[in-house]
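Beneath this line is the structure, given in structure tokens, with notes to follow.
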Amino acid sequence: MFDLDRWQEIFSSIRSNVLRTVLSGFTVALGLFIFIVLFGIGNGLQNSFSTNFFGDASNLISIFTRSTSKPYAGMQANRNITLNNRDYEEVIDKNSSEIEFSSPRYQANMMVKYGNESGSYQISGSNAEEQKIEDREILEGRYINNRDVEDSKNVAVIGRLIQKDLIKNGYPIGKTININDNNFTIIGVFSDAGGDWDERMISIPVSTLQKMKKSSDTLNSIYVVYDKNLPTAQAIDLGEKMEQQLKSRHKIDPEDEGGIIVRSTAENMEDTIKFMFVLAMIVGVIGLGTLIAGILGISNIMVYIVKERTREIGVRKAIGARPRDIVGLIMQESIVITVISGIVGILIGVLTLQLMGDSLEAYFITDPGVGKGIISVAFFCLIFAGALAGFVPAYHASKIKPIEALRVE
């Protein structure tokens, strides 16, 4: 391996046969290039899928109501069902061991004023855990906390675009806005990856909004983030259990598809996992195919190279070269070509993905890229294949008798 004469001989052979070297290296570089780009695009598709379908907490259960569709327990159909604080407390208490975060939600559109500016915005009455459920980032100040809810304080956290609409470029924290003729102190500003709609919302303590609505204990919905370690089937069961608990409280037929509606991301998770698995398999098979094509290409070329050098091998054996020296020389040359070509293929592939960036978002591909681990595995597989591609024909050639090798035209 560290024989200087052998290295000189290898590079001399490469310089003497540039076209042959380029052709053998091209298949390796092309295989790795296609492999990296395909895997990068596949990862970009998965990134887009995750971002678009799971923008908020990905382990989320949403509970809301509709009119009942069936009579039950002496009550008529088409009853309007309304959630309340007690519903929220019971559902959370009974299932606390499987819940990470939860928030009651009461929403209303109200007129908001600041100085000479005004506009109608959605007001969300909730608790401190809404921030984690909605995956909001605090830009200034803080979010509402449990003490704000307990004391029904007139405090508000506003979306980034509301600050832009009403307060313009002024510092918002501590300023007073008027919501439906009630003064609120701004305690924070948030951004939300959900987009403009979510950033034009105002969150206040749910207890405060309920008092503004004549001391009502009404809720529009309940949001629950279940333990992310729950298996998918168990998470689905949790949502169904909550649904039956609330139906029992409100005397709704357990088979009624109306009344209490529970939506769980776990219900779609199985299909999502299957889709992403199939996508990964397709990309993997195509990528593996390109690597195999590169391996076959260099194998065929190495067979041709060894056959072309049969007379040379005969001369070497005639002057005393051992079979292992011949095999080692050809294998080393094959590995050198594979390594250099592989590095070129990797660099071009990674550069291509970087140039793509987010330019393919219109095609549902976001942040395409490949991890170093995948690249390393593919690279070392090709090196092994290159060594094997050189060994097999070289081993057979080393067994030829010198007199037979010298007769080859």
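Summary table
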item	result
Relative contact order [Cα under 8 Å, 6+ residues apart], the chain, whole percent	27 percent
Residues LEU355 and ALA193, FRET efficiency given R0 of 35 Å [Cβ-Cβ distance, rounded to 0.05]	0.90
Segment 78-94 - phi-based ³J(HN,Hα) in whole Hz, Karplus 6.51/-1.76/1.60, Gly and Pro as x	6, 6, 7, 9, 10, 7, 9, 4, 5, 4, 4, 4, 5, 4, 5, 4, 6
Alpha-carbon gyration tensor eigenvalues x 5, square-rooted, for segment 28-137, Å	41, 25, 16
Listed residues MET281, GLY239, ILE365: farthest to the positive end of the dipole of the chain (Cβ charges)	MET281
Relative contact order, percent, segment 98-223 [alpha-carbon distance under 8 Å, six or more residues apart]	36 percent
Chain lengthening between LEU19 and ARG249 when straightened (0.36 nm per residue, less Cα-Cα)	74.7 nm
For ILE261, residues with placed amide H under 5 Å, excluding near neighbours	PHE64, THR65, ARG66
Between 0 and 90°, nearest 10: helix 372-398 axis offset from the chain longest Cα axis	20 degrees
Three semi-axes of the equivalent ellipsoid, the chain, Cα gyration tensor, whole Å, largest first	70, 26, 15
Between 0 and 90°, nearest 10: helix 232-249 axis offset from the chain longest Cα axis	10 degrees
Dipole of the chain, positive end: most advanced residue of ASN109, TYR171, GLN210 [Cβ charges, Cα centre]	TYR171
J(HN,Hα) series, segment 67-72, from Karplus relation 6.51 cos²θ - 1.76 cosθ + 1.60, nearest Hz, glycine and proline x	5, 5, 10, 9, x, 7
Hz values of 3J(HN,Hα) by residue in segment 24-29 - Karplus curve (6.51, -1.76, 1.60), Gly and Pro given as x	5, x, 4, 5, 5, 4
Gain on full stretching of the segment that runs from ILE92 to LYS228 - 0.36 nm per residue minus C-alpha separation	47.3 nm
Placed amide H near GLY125: partners under 5 Å, 5+ positions off or other chain	TYR106, GLN107, ALA108, ILE204
Rounded, prolate or oblate (a/c below 1.5 giving rounded, otherwise prolate when a/b exceeds b/c) for segment 98-223 by Cα gyration tensor	oblate
Protection proxy ranking, peptides 226-232, 390-396, average beta carbon neighbours within 10 Å, highest first	390-396, 226-232
Angle between the chain longest axis and helix 323-356 axis [Cα atoms, degrees, rounded to 10]	30 degrees
Estimated translational D of segment 160-232 in µm²/s (Stokes, Kirkwood radius over Cα pairs; 25 °C; 0.890 mPa s)	165 µm²/s
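Laboratory data are not the source of any read-out in this text; all were calculated from the coordinates shown. Note that the structure is predicted; figures quoted are calculated from it, not measured. Note that each Cβ is placed from the backbone with ideal geometry, even for glycine, and that neighbours are counted across all protein chains shown.
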